[in-house]
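The values are calculated or read from the model by the stated rules, or taken from the named source; none is laboratory data. As the structure is a computational prediction, the values presented were derived from the model and not from experiment. FYI the Cβ positions are ideal-geometry reconstructions off the backbone, even for glycines, and counts take in every protein chain you see.
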Amino acid sequence: MNLITISLVANILYLQSLITMILQTSPPIVDLEINDIEGIGPTTTKKLKEAGIVSVMDLAVASAEELAIDINSSKESAATFVKGAQKLLRDSKRYVSR
């Protein structure tokens, strides 16, 4: 193994341990569905899933510009969906306890 490979493996192992630690110390996640987002109905949910957006988190971190292309909508609508997902995640944290 060369130095670059060793470095990559070390980084991957570090990230895995970091993710494990975060998951163990984070509060439980409430079951959220894409159609829980205001303004998103069955048709948009289907388009999002076909575009690879299968969770609220996927949508919350999506690029509105790319999403608009992927689901054939305006950038404004896509941005509204992304912001709605972010709001739903923020609001859900208020009601989650350990």
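Numerical summary
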item: Selection within the stretch 72-88 - of a type outside the set (Asp, Glu), in a helix (DSSP H, G or I) and either surrounded by fewer than 18 Cβ atoms within 10 Å (Cβ to Cβ) or on the phi > 0 side of the Ramachandran plot (or both); result: Lys75, Ser77, Ala79, Thr80, Lys83, Gln86, Lys87
item: Cβ-Cβ under 7 Å pairs, at least 6 apart or on other chains, the stretch 16-34 side closer than 15 Å to Lys87 by Cα and outside any helix (DSSP H, G or I), far side at pLDDT 70 or above and not aliphatic (A, V, I, L, M); result: Val30/Ser92; Leu32/Ser92
item: Residues satisfying the stated conditions in the stretch 46-63, i.e. surrounded by fewer than 18 Cβ atoms within 10 Å (Cβ to Cβ) and either of a type in the set (A, V, I, L, M, F, W, C) or part of a helix (DSSP H, G or I) (or both); result: Lys46, Lys47, Lys49, Glu50, Ala51, Val54, Met57, Asp58, Val61
